[in-house]
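No lab work stands behind these numbers, since they all come straight from the coordinates. Nothing here was measured: the structure is a model prediction, and the numbers come from that model. Here the Cβ positions follow ideal geometry from the backbone for every residue, glycine too, while neighbour counts run over all protein chains shown.
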Amino acid sequence: MTQSNQEKLSDPARFITRIYVEQDAADHPVTKEILARAPGIPVELLADGKAAMPDLGFYPKSLSEGKRHLLLARNHGRFFKPCPGTREYICCDYQVLNIGMNCPMDCVYCILQAYLNNPYLSFFVNTEDLLAELSAAFAREPERFWRIGTGEFTDSLALDRLTGLSRLLVEFMRDKGAAVLELKTKSAVIENLRGLDHGNRTIVAWSLNSPAVMAREEIRTASLEQRLEAAARCASWGYRLAFHFDPVIYHEGWEQGYSETIARLFATVPRESIAWISMGCLRYLPPLKNIALQRFPGSRFFHEEFIEGFDGKARYFRTLRVEMYRHLFLQLQRYAAPQTCIYLCMENNDIWRDVFGFTPDERGGLAAMLDRAVGRAA
């Protein structure tokens, strides 16, 4: 791989070929800052709003080209909402901060392919409204402990070289003793985090997978080495870390692959810096399969056996999920610090008991387990 391609993979914003600006966002200071950081990218002002965006052709193939087009707009709705979990599976009570939509990287399994109604990247420039909404929520419930993430509808850091949003959020959160912010990414875009007074209120997180899945199914993402090196640097700057093995995907050699990733993780990153590690087997809305296979016909993992879960999503059979979780948990236990919270994402009590020997309720609930892993500021 050439040096240029390595730089692009570590910084997905380099793949953007055009920027569009809605009329009511044109004079916003954040818009001007982003355009100043992108001097070589053509810019088009949209006098008629999103209706003036170019037609990128047949959906879902338009998704590929859409990931190279960035729309700068104002968010006229809510920024801050609970994670859209389901009652049938155990949710961690995560709170989602919506900073934009879509992602310049292109994972075959990405649920956004079946969720979004347009193919473009978007970023919301009215960050003053975002911070005001956060402040109002904290003031309404001053006794609550908040775990907040920006990685639900986009990658937290993939566009950060252009947006600079991480610095704003980290500095805002540094004195919020009853909250913690998680920035989750598959990139290695961390330079804006250097030198910040983060007050131990920001966790930098990476999604990880087996080497085979990362190579074949996670397109335009940073390599395992780049992600782990970035994590080690963040740890050296005093940040706490998190890692997410989600989705865990069944494939030939999966045991060895996930064992290798876990061993390399703990060989690179100090275990004391890790707040939590999640595991979640592949699950997807039924329409995703056809969309993904049209875009990535060579991908094979959708052809395994699945059943319909209680939430309507396709899932592996219970026996396979338990087998995979147990294998990963055994490997993680070999290395992880005692205070690191290892947990399952969107599984039920039966699976928890089969894997860990207990249910979250026996430990005060999953939300409480995660809260204890980070705690309030001293």
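Reducing segment 94-170 and segment 192-212 to their Cα centroids gives an inter-centroid distance of 15 Å.
With all pairs of separate Cα atoms included, the chain yields a Kirkwood hydrodynamic radius of 21.4 Å.
Label positions at Glu141 and His327, each projected 7 Å from the Cα along the C-beta direction, are separated by 3.8 nm. For the chain, the residue among Ala222, Pro247, Leu320 whose Cα projects farthest onto the positive side of the dipole built from Cβ charges is Ala222. Spin-label model, Val43/Gln23: points 7 Å from Cα along the beta carbon direction are separated by 1.8 nm.
The ranking of Arg363, Arg78 from fewest to most other beta carbons within 10 Å of each one's beta carbon is Arg78, Arg363. Projected label points at Ser259 and Ala178, each 7 Å from Cα along the beta carbon direction, are separated by 4.7 nanometres. What is the distance in Å between the Cα centroid of segment 304-329 and that of segment 15-32? Using only Cα atoms to place each centre, the spacing works out to 42 Å. For a 4.7 Å threshold on C-beta separation, the list of partnerless cysteines in the chain reads Cys83, Cys91, Cys92, Cys103, Cys234, Cys281, Cys341, Cys345. Computed over the chain, the per-residue total of -39500 (n - 2.57) for DSSP H runs of n ≥ 4 gives a 222 nm mean residue ellipticity of -10000 deg cm²/dmol, rounded to 500.
What is the sum of charges, Lys and Arg at +1 and Asp and Glu at -1, for the other residues whose Cβ falls under 12 Å from the Cβ of Glu152? Local charge sum for Glu152: 0.
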